[in-house]
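Asker: Structure in structure tokens, see below.
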Amino acid sequence: MRNGDRAASDAILLRLEEITTHYGPIRILEQVSIEVGEGELVCLLGGNASGKSTTLKTILGLVRPTSGRVLLRGEDVTNRQVSYRVGRGMAIVPENRRVFAPLTVLENLELGAYLRHGEDLREEFERVYTLFPRLHERGDQLAGTLSGGEQQMLAMGRALMSRPRLLLMDEPSMGLSPALVEQNFEIIAQIHATGVGILVVEQNANMALSIADRGYVLQTGQVVLANRSSELLASDELKKAYLGR
Amino acid sequence: MSTPNDAPPRIGVDEWVARSGERRDRGSGPSAAIVRALERVGWWQRLAVIAAIVALFPLLTSSDYAVRVGVNTLLLATLALGLNVVVGWTGLLDLGYVAFYGFGAYGFALLSSNQLGSSGIHLPSLLAIVIVVVAAALLGLLLGLPSRRLQGDYLAIVTLFFGQIFVETVTNVAPKVTGGPNGVVGIDPLNFFGLEVTTTRGYFYVLLIVTVVIMGALHLIDSSRTGRGWRAVREDPLAAALMTIPVNKVKLLAFSVGAAVAALAGTIFAAFQAGAYPTDFDTPFLILVYAGVILGGSGSIAGAVLGATVVSVTLELLRNPSQAATLFYGLILLTLVVRVRPWRKLGAVLAALVAFGFAVHAVIGAISASAVAGHPRSGGWVGDALGSWVVVPADPKGPGNIAFVVLILGLVALVQLKGTARTVLLVPLLYLAAFVWETRLVAEASITRQILLGAILIVMMNARPQGLLGSKRVEVL
Ligand SMILES: Nc1ncnc2c1ncn2[C@@H]1O[C@H](COP(=O)(O)OP(=O)(O)O)[C@@H](O)[C@H]1O
Ligand SMILES: [Mg+2]
């Protein structure tokens, strides 16, 4: 399987080695190998139920693979707890955002930095507020009363508060209006520009590939395509594999 | 697309919609003005002012009974504060909470009486309290541990079991130590640095200080990392775990804090009544603590105290038949006013109810004089006013029991019905309720208190689902 041309000197942030994951007897992922380099923006594409969320869950440790390894900066974390992995510089913007509705925007952000207790968080707040000025204005508002787009911002801001080296995002544009989707991708590109490695799961292939360095396409739990974004966009393999099905 | 790239995000035009609930909650009028005025004052100032006002209470009354009610109220308030951490903030269903209260009471009792050893143990109160509270916190941890994930049903069963085991243990296991069904008597009063607290007023002030200190501490915790962690875990354990919050540890901590607060209340309770008896820590009492937390608004510190106060004072009022009657009829009237709309319909129902009563009384009186020979059991003006309206037979027990069953069946039917049929059924049912009250309920004080408290809770939860001071739940769609 090709992994595209990533400069070999780049340290590898995340590496899935031939991951196979089952839910009970049903095989969901089969021999999935994915890499995200330091500071790289990689998108994971695929139709409904192709196993994208399951891949993220396997990376986080919410489900355990039946075979294969998960490596975080070279360290085998396949048998580690969720909290351990997240503590190693990973953060997630979960599917459907899952902000803490009855807590304020500020409290949500503070929870994102839960592990960094006692540290000076001014820099993180500044970073998040520069990306999302709206969150600054809405500090005391309950997260549940934010609009969908604002909740998406909050979920991203909350994830960034832990100063992650690798940011996982599960369908960040789900349920947003087209204008907001575009804005959302711009923000992802901005976060990427600050040097954070990103693995973003998307159904919206064109939009995701327009900002990503590389892309993988999942189909019924298998990686059927892996290449640089520009080549994926140019070739019609993508259409065949993903859109045409 | 439609939004220019350089403009800041213009999301949130729906803010007005999002805030409409808040606006509706505040509303206008004098009560809203008071709420707004209170909001301008800081939390600590408010606590200080209210504490100062409550501190005046024992000075304004010469009745020891009233102060005693105050002590019981503060005890219930302290318990509600602790339970609020477990249930309100962390969302753990702890059905063994009162056992920790009992543990505190018995622990203090054993360390401050002649119960153990040849000449007993008589520790200074502060030392005894610290030992007991720390032990309770550890016991809380120990109990939480095997419940591994401390999740809903599992935790509820384990704690319920623990509550029962506690009562069983102090009653039956080692009667020589815990005094069996007779409990431990002859407990030393609280003594701090040679100063003995022996008066009801003294205990009132000790408890007031304890309550205020706990409120302050909880307020600090609420806005700390720990407090945020508790609420995050309650809201979405998975998302909390993804934020690296150690979900199980956070839950255990809440459980343990609750246990410690309950035990602290227990120590003072034991010293106050100079005894510890198993029946003080049974399930009905647990229900009262829960009622206080829920009534006040689960998750709110001030709400827990206010809710406990309402529960405690209401129960006290219900001890007196004429006060209980005022509450009973007042509650019915209030429910009617709130639920029956429009006003014309309400007027018609009330008028029909009055006419119905007099008609029934007249008809039954004409048929048999003995069937109306009794007097309403509610004393006071309520009883007098109802004298020739509600039928009370000379021997009310049998008819009262039958009517009670009919009333319950009628209420079930009422819930099923809609429209006019419902309104029509409402009149005889209300009359039947008055009949059951006057013939049976008012005479069965202890059961009636529970039923009425339950009714008050139901009415309250209908009128204000988030509790007195709770904030409305926000649902994410
Ligand atoms: N907890 C679960 N138990 C059983 N099957 C699951 C579970 N979660 C997901 N699946 C199944 O796994 C497949 C892949 O799901 P998912 O990874 O969520 O797909 P998507 O690519 O849409 O994110 C789907 O067929 C789904 O029904
Ligand atoms: Mg998915």
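Asker: Residue under question is residue B:297, and the condition is that it be within 14 Å of chain A (Cβ to nearest Cβ), under 26 Å from residue B:312 (Cβ atoms) and within 24 Å of the chain's Cα centre (by Cα); does it hold?
Answerer: Yes, satisfied.
Asker: Please enumerate the residues belonging to the range A:181-228 that are within 16 Å of ligand 2 (Cβ to nearest atom), away from chain B (no Cβ under 14 Å) and not in a strand (DSSP E or B).
Answerer: Result: A:203, A:205, A:208, A:220, A:221.
Asker: Same structure, new question: Of the residues that make up the range B:204-222, is at least one in contact with a His (Cβ under 8 Å, 6 or more places away or on another chain) and surrounded by fewer than 21 Cβ atoms within 10 Å (Cβ to Cβ)?
Answerer: no
Asker: I'd like the residue in the range A:117-136 that is more than 9 Å from every other protein chain (Cβ to nearest Cβ), among the charged types (D, E, K, R) and in contact with a helix residue (DSSP H, G or I) (Cβ under 9 Å, 6 or more places away or on another chain) and, out of all such residues, is farthest from residue B:229 (Cα to Cα).
Answerer: Once the filter is applied, the top-ranked residue is A:127.
Asker: Let me ask something additional. Among the strands (runs of 3 or more DSSP E) lying completely within the range A:1-111, list those that include at least 1 residues that are more than 14 Å from chain B (Cβ to nearest Cβ) and either within 16 Å of ligand 2 (Cβ to nearest atom) or farther than 27 Å from residue A:158 by Cα (or both).
Answerer: A:12-23, A:26-37, A:41-46, A:67-72
Asker: Please work out which residue is nearest to ligand 1 (Cβ to nearest atom), limiting yourself to the range A:54-99 and to residues that are open to solvent by 20 Å² or more (accessible area, probe 1.4 Å), polar (S, T, N, Q) and touching a strand residue (DSSP E or B) at 6+ places or on another chain (Cβ under 6 Å).
Answerer: A:66
Asker: Still on this structure, please answer the following. May I ask you to say which residue of B:252, B:295, B:264, B:242 is in the same structural domain as residue B:198 (by TED's automatic domain parsing) and surrounded by fewer than 24 Cβ atoms within 10 Å (Cβ to Cβ)?
Answerer: Answer to the selection: B:252.
Asker: If I ask for residues that are within 9 Å of another protein chain (Cβ to nearest Cβ) and under 27 Å from the mean Cα position of the chain (by Cα), which ones from the range B:194-226 would you list?
Answerer: Answer for the range B:194-226, where residues must be within 9 Å of another protein chain (Cβ to nearest Cβ) and under 27 Å from the mean Cα position of the chain (by Cα): just B:223.
Asker: How many residues, within the range A:24-53, are under 16 Å from residue A:225 (Cβ atoms) and open to solvent by 30 Å² or more (accessible area, probe 1.4 Å)?
Answerer: Residues in the range A:24-53 being under 16 Å from residue A:225 (Cβ atoms) and open to solvent by 30 Å² or more (accessible area, probe 1.4 Å): 3 in total.
Asker: Another question about this same structure. Identify all residues within the range B:267-276 that are surrounded by fewer than 21 Cβ atoms within 10 Å (Cβ to Cβ) and either without any contact (Cβ under 8 Å) to a residue 24 or more places away in the chain or not small (Gly, Ala, Ser) (or both); write none if there are none.
Answerer: Once the filter is applied, which keeps residues that are surrounded by fewer than 21 Cβ atoms within 10 Å (Cβ to Cβ) and either without any contact (Cβ under 8 Å) to a residue 24 or more places away in the chain or not small (Gly, Ala, Ser) (or both), the range B:267-276 yields only B:273.
Asker: Looking only at the range A:177-223, how many residues end up being among the hydroxyl-bearing types (Ser, Thr, Tyr) and more than 23 Å from residue A:133 (Cα to Cα)?
Answerer: Going through the range A:177-223 one residue at a time, the tally reaches 3.
Asker: May I ask you to list the residues in the range B:450-467 that are under 22 Å from residue B:401 (Cα atoms) and open to solvent by less than 50 Å² (accessible area, probe 1.4 Å)?
Answerer: Within the range B:450-467, B:452, B:453, B:454, B:455 qualify.
Asker: Are there any pairs with C-beta distances below 7 angstrom linking a residue in the range B:176-200 that is closer than 28 Å to residue B:61 by Cα to a residue that is among the acidic types (Asp, Glu), with the two at least 6 apart or on different chains, and if so which?
Answerer: Between residues of the range B:176-200 that are closer than 28 Å to residue B:61 by Cα and residues that are among the acidic types (Asp, Glu), the close pairs are B:189/B:196; B:200/B:64.
Let's see how each residue does on (1) without any contact (Cβ under 8 Å) to a residue 24 or more places away in the chain; (2) farther than 23 Å from residue A:20 by Cβ; (3) open to solvent by less than 60 Å² (accessible area, probe 1.4 Å); (4) over 17 Å from the mean Cα position of the chain (by Cα):
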| residue | (1), (2), (3), (4) |
| --- | --- |
| A:180 | no, yes, yes, yes |
| A:184 | no, yes, yes, no |
| A:188 | no, yes, yes, no |
| A:191 | no, yes, yes, no |
| A:194 | no, yes, no, no |
| A:207 | no, yes, yes, no |
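Asker: Right, here's the next one. Scan the range A:38-53 residue by residue and report those that are away from ligand 1 (no atom under 12 Å from the Cβ) and of a type in the set (Gly, Ala, Ser).
Answerer: A:39
The values are calculated or read from the model by the stated rules, or taken from the named source; none is laboratory data. Since this is a predicted model, take the numbers as computed values, not measurements. Neighbour counts are summed over all protein chains in view; Cβ atoms, including those assigned to glycine, are modelled from backbone coordinates with ideal geometry. Protein only, heavy atoms only, side chains kept; ligands, DNA and RNA dropped before computing areas. Shrake-Rupley method; radii C 1.70, N 1.55, O 1.52, S 1.80 Å.
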